[in-house]
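Peer 1: Dropping the structure in here first, questions after.
Throughout, read-outs are computed from the coordinates displayed, never taken from laboratory work. Being a predicted model, the structure only gives us computed values, none of them experimental. Cβ sites come from the backbone with ideal geometry, for glycine too, and all protein chains shown count toward neighbours.
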Amino acid sequence: MDKLIQFVKKHLKTFLIMFLIIVCLYLVRHRYEILSFIDSKGFYAQEEVILNANLKLSQCFYNKKRLLEKSFALKSLLEFYNSQKEYEKSIVLYESYIQKDEWRKLARYVTFPPNIDKAGVYSDLAELYYLNGQYEKAVSFYNKAIELKSLTPYSELLSNDIYDIAEEYNGLVVTYLAMHDIACAKANLDKSLNIVNLLPKNSLQTRFFTNLTASTFYLETQNYPKAEYYATQLFLTIPSQTLPVESYIRYQSYYNIIANSQMGKIKFRENNYNEAETFQRKALFMTEEFYGVNSASTLCSYNTLLQTLDKLDQNVRYTDYIEQRLLKIGKKLVKFQGKDITLDDITKFCEK
């Protein structure tokens, strides 16, 4: 027994190192399951640390040919930043990888012609610039994406939703609206609508987002009948796929959230608060299911509903409950970690 104790004491450091290595390997192997659990609980500060570590890990452990692993680690971090509305951090990563000519790690797909892949990267960066209020840069990168897509014959662009150049024109519409340049917004909307007319009838994804863009344009220009017409079309152009039942339901939920949210905005602007509440409640229910009860998207859905309930003079106890939910979720987000927040802070966050 004494010999065993001496042996353990002598090799304790080695055992501890081996144990730590086993734990690390386990964490690496199951890191995405662990991240999923952390995300569901709303531990966002910890999730950011792990995702950054995961990105560095992928750069160390995978050779140059393992592009997919590195790309997945990078996109997981970007997806997290975007879900938290931390667009500045996403932009820094995008600019860094483009500057290093490693843009392929940011590409949505790696099976298309290089100009199409790079155009997708530029479009995604342009959207981030738009969301971050950097409108001039957004316009510049949307136009760069259009130039790159123009290198592929137009017939090929129209053969697939992913190639479709209408995406960039839709992006330019909402960017010019934010810049209060109605004429340029309308010109780009017309281009997008013309493209949709040339697409096959089954190109529902492009039709959906073009209808959303048209609805947004007419909402912002206070043409509510047209805004509502295009919002109604959203429900008729929700893309469908042949997927397992669970995946299909999630896929449909994403588009239904957008459609119901858009219709809720229109009804609110029309001062039709009862109908606005109906659409907003549907959107909120699906948002909680799709993004999680502690997500920034759920926070903003609650915030939108609260504004409508204030107009309806709803039961004080119920509005108090929603206000408490807002503050509880808000404190978990990276932006508000360790800070005293107010409902005004949340409203400004959601307007971003």
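Peer 1: With a Förster radius of 41 Å, plug the Cβ-Cβ distance of Tyr318 and Glu88 into 1/(1 + (r/R0)^6) and report the FRET value to the nearest 0.05.
Peer 2: FRET efficiency, Tyr318 to Glu88: 0.70.
Peer 1: Points 7 angstrom from Cα along the Cβ direction at Lys201 and Asp101: gap in nanometres?
Peer 2: Going from the Lys201 label point to the Asp101 one covers 4.8 nm.
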